[in-house]
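One structure is given here, and the rest of the page talks about it.
Readers should treat all values here as calculations from the given coordinates under stated rules, not as data from a laboratory. As the structure is a prediction and not an experimental result, all values here were calculated from the model. As a convention, Cβ positions derive from the backbone with ideal geometry for all residues, glycine included, and neighbour counts pool all protein chains shown.
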Ligand code: NAD
Ligand code: LMR
């Protein structure tokens with residue numbers, strides 16, 4: 001057994017939290033030899049509900065759960081933390097875009113960024129799930145100037161998984177047989193689900209499904225899946241979001257599958273695929289398993305994908321302008 005690591009989950013009493021915590025405690029993220037101390041951060045009105053979740057965690061008797069901290073104080077919630085899942089934020093309702101949440105949710109990530117800067121462990125890594133995830137990650141990163149930029153990410157793994165599933169259904173192939181799916185850009189309706197690199201063995205997926213289905217059905221279905229779920233459930237995705245967060249951090253911590261990559265929204269320095277500098281942008285990434293990632297280089301992009309990447313990048317620049325007063329420096 002390794003020494004325990006500290007894992008912070010914000011919004012721990014919410015619906016994603018209710019799926020996520022149990023799977024982290026079960027070892028699904030960091031593996032069967034890695035004990036965890038769960039540091040659960042919430043807001044005062046729901047601390048009683050959080051106590052209930054903690055009682056349930058206790059009642060699972062997870063061997064890997066070596067401690068719990070329940071708090072509404074960010075300085076306590078992030079104290080010494082190694083991995084942070086920033087879920088705590090308000091979800092959208094039917095008819096809203098995720099960016100409509102910016103003024104309500106953005107400020108949450110100012111205080112949390114500052115707290116992480118002050119008290120988190122030196123090897124801190126952060127995944128932002130709360131929407132609009134890419135811009136919230138930028139806010140947190142910018143308020144934690146002592147933490148390297150490559151420690152911050154936002155979640156487009158759910159979109160990546162949705163894309164795999166849509167393609168698998170169309171081609172009648174198991175999701176595990178695909179390689180090289182990409183989601184480019186923002187976790188918003190401008191995201192760019194790209195199957196032009198996807199293969200099943202030596203077969204190119206785009207040749208099997210045809211361009212018409214790809215553009216007219218696949219792309220809009222993946223991009224609007226979050227809204228479709230809100231419409232159907234009356235609440236935004238929860239278990240699938242928790243599952244995607246688990247996949248994202250699992251692969252970042254333990255390594256991506258050999259011969260494949262995953263989609264992660266990470267800091268764009270302006271040198272990759274036309275994405276603008278200074279935003280958190282979804283790219284294909286490979287993780288060796290030591291907590292680092294590399295953006296996959298030198299993919300050839302079709303002109304239409306390049307155009308869509310530009311549109312999504314421009315949207316992120318607009319979101320950044322809206323939150324300019326929340327960015328440090
Ligand atoms: P929820 O309302 O069920 O839970 C959110 C929780 O966050 C609540 O318990 C609330 O008390 C808490 N919270 C609010 N402000 C907080 C703060 N300052 N500190 C700590 N906790 C705080 O919502 P949910 O369904 O769990 O969704 C959470 C967020 O994740 C939403 O913004 C949603 O849109 C987003 N989301 C993102 C993706 C993605 O793919 N990136 C997928 C699904 C949901
Ligand atoms: C999703 O993609 O399911 C989440 O971002 C929730 C939403 O608002 O769509």
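Would you mind checking the tilt of helix 47-59 against the longest principal axis of the Cα atoms of the chain, expressed as 0 to 90 degrees and rounded to 10?
Result, in degrees: 90.
Output the relative contact order of region 157-322, whole-number percent, from Cα pairs under 8 angstrom with separation of 6+ residues.
On the way: 266 pairs, mean separation 41.9, N = 166.
Reported relative contact order: 25 percent.
Sort 245-252, 6-13 for me by packing, meaning the mean count of neighbouring Cβ atoms within 10 Å per residue, highest on top. Before the final figure, lay out each step's value.
Numbers: 245-252: 22.8, 6-13: 26.0.
Per-residue mean Cβ counts within 10 Å order the peptides as 6-13, 245-252.
Roughly how many whole Å is it from the C-alpha centroid of region 86-110 to that of region 34-62?
23
Please tell me the relative contact order of the chain in percent, rounded to the nearest whole number, where contacts are Cα pairs under 8 Å and at least six residues apart.
That works out to 17 percent.
Classify the chain as rounded, prolate or oblate from the Cα gyration tensor: take a ≥ b ≥ c as the square roots of its eigenvalues, call it rounded if a/c is under 1.5, otherwise prolate when a/b beats b/c and oblate if not. Intermediate values should be presented prior to the final figure.
Working: a/c = 1.59, a/b = 1.39, b/c = 1.14.
The shape class here is prolate.
Ranked highest first by average number of other Cβ atoms within 10 Å, how do 87-93, 188-194 line up? Could you put the intermediate results ahead of the total?
Numbers: 87-93: 19.9, 188-194: 23.3.
The densest-packed peptide leads the list: 188-194, 87-93.
Let's test the formula: R0 of 41 Å, r as the Cβ-Cβ distance of residue 49 and residue 177. What FRET efficiency results, to the nearest 0.05? Let's see the in-between values first.
Numbers: r = 41 Å, r/R0 = 1.01.
The value I calculate is 0.50.
What value, in deg cm²/dmol to 500, does the helix sum -39500 (n - 2.57) over DSSP H runs of n ≥ 4 give at 222 nm once divided by the residues of the chain?
On the way: 12 runs with 124 residues, N = 329.
-11000 deg cm²/dmol, from helical runs alone.
Can you put 128, 29, 110 in order of Cβ neighbours within 10 angstrom, beginning with the fewest?
Values: 128 31, 29 24, 110 19.
Exposure proxy ranking, most exposed first: 110, 29, 128.
Between residue 297 and residue 199, what length in nm is gained on full extension when 0.36 nm per residue of separation is reduced by their alpha carbon distance? Write down the numbers at each step before the final one.
Numbers: separation 98, 0.36 × 98 = 35.28 nm, distance 1.77 nm.
Computed gain between residue 297 and residue 199 is 33.5 nm.
Using Cα centres only, tell me the gap between region 161-193 and region 271-324 in whole Å.
17
Quick one: compute the contact order of region 2-108, relative version, from alpha carbon pairs under 8 angstrom and 6+ residues apart, as a percent.
Working: 176 pairs, mean separation 37.1, N = 107.
Relative contact order for region 2-108 comes out at 35 percent.
For 162, 320, 157, 202, what's the fewest-to-most ordering of other Cβ within 10 Å of each Cβ?
Details: 162 23, 320 20, 157 28, 202 5.
In order of increasing Cβ crowding within 10 Å: 202, 320, 162, 157.
Rounded, prolate or oblate for region 157-322? Axes are the square roots of the Cα gyration tensor eigenvalues, ordered a ≥ b ≥ c, and the cut-off for rounded is a/c under 1.5.
Working: a/c = 1.16, a/b = 1.09, b/c = 1.06.
In terms of gyration-tensor shape, rounded.
Compute the Cα gyration tensor for region 5-154, then decide on rounded, prolate or oblate, letting a ≥ b ≥ c be the square roots of its eigenvalues: rounded whenever a/c is under 1.5, prolate when a/b is larger than b/c in the other cases, and oblate in all that remain. Before the final figure, lay out the partial values.
Details: a/c = 1.75, a/b = 1.26, b/c = 1.39.
The shape class here is oblate.
Just to confirm the number: angle between the C-alpha axis of helix 108-119 and the first principal axis of the chain, 0 to 90 degrees, nearest 10?
60
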